[in-house]
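Structure record follows, encoded as structure tokens.
The values are calculated or read from the model by the stated rules, or taken from the named source; none is laboratory data. Everything numeric here is computed off the predicted structure, so don't read it as measured data. Positions of Cβ are backbone-derived with ideal geometry, glycine not excepted, and every protein chain shown enters the neighbour counts.
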């Protein structure tokens with residue numbers, strides 16, 4: 001997949017494999033392996049590639065053997081954060097690169113900011129431990145589409161819950177609801193939410 005698009009970049013921009021290897025400080029053999037799809041380039045390579053050549057790889061057109069455009073390349077791998085890798089003192093998981101276990105490059109995750117491993121059983125059986133969810137960051141809480149599953153971070157905890165309207169105070173609070181009946185509803189102030197992510201996609205038993 002990547003090799004074909006890297007070759008197309010070479011053709012479109014006139015940059016040789018040797019130039020790529022030299023400027024990104026990779027061996028020519030490794031670059032050749034990426035171009036021939038013998039090995040997939042890691043996320044770090046793609047980031048350096050984008051920065052060095054000032055190109056948005058998502059806009060690089062894929063072409064068939066006759067040069068006809070067949071679509072837009074994905075080239076947007078997102079990190080998978082695994083909370084089992086180490087204990088965290090901070091809940092700002094996305095600042096901890098040592099929690100990244102792998103990367104996902106799939107069109108199903110195009111809207112996602114990151115992917116995280118599910119912890120706990122509050123949302124079982126829909127979301128189980130070791131499942132991976134793709135999450136999209138929500139900026140404006142007031143326009144949050146209610147009813148879906150959300151990954152919520154406060155100063156004290158990370159929660160996976162459905163968001164419902166709290167009829168007693170809909171302006172300043174949310175009602176958080178679990179699927180597992182062993183977990184009670186929670187009322188949370190919107191001002192206590194540090195980060196809010198909408199769950200967009202799930203991979204079972206990743």
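Find the strands (runs of 3 or more DSSP E) located wholly in the stretch 93-177 whose residues include 1 or more that are at pLDDT 90 or above, and list them.
Working: elements: 100-104, 114-117, 132-137, 149-154, 158-165, 173-177.
In the stretch 93-177, 114-117, 132-137, 149-154, 158-165, 173-177 are the strands (runs of 3 or more DSSP E) which contain 1 or more residues that are at pLDDT 90 or above.
Return the only residue of 142, 155 being more than 18 Å from residue 82 (Cα to Cα), free of Cβ contacts under 8 Å to residues at least 24 places away in the same chain and not assigned by TED's automatic domain parsing to the domain that holds residue 40.
Only one candidate qualifies: 142.
Can you confirm whether the stretch 160-168 contains a residue that is within 25 Å of residue 106 (Cβ to Cβ) and within 17 Å of the chain's Cα centre (by Cα)?
Yes, the conditions are met somewhere in the stretch 160-168.
Out of curiosity, is residue 194 modelled with pLDDT under 95 and either in a loop (DSSP other than H, G, I, E, B) or buried (at least 19 other Cβ atoms within 10 Å of the Cβ) (or both)?
Working: modelled with pLDDT under 95: yes; either in a loop (DSSP other than H, G, I, E, B) or buried (at least 19 other Cβ atoms within 10 Å of the Cβ) (or both): no.
The answer is no for residue 194.
Where residues in the stretch 23-45 are outside any helix (DSSP H, G or I) and more than 29 Å from residue 98 (Cβ to Cβ), which of them is modelled with the highest pLDDT?
Step one: of the stretch 23-45, the residues outside any helix (DSSP H, G or I) are 25-27, 36-42.
In the following step, the residues that additionally are more than 29 Å from residue 98 (Cβ to Cβ) were identified as 36-37.
Details: 36: 86, 37: 79.
That would be 36.
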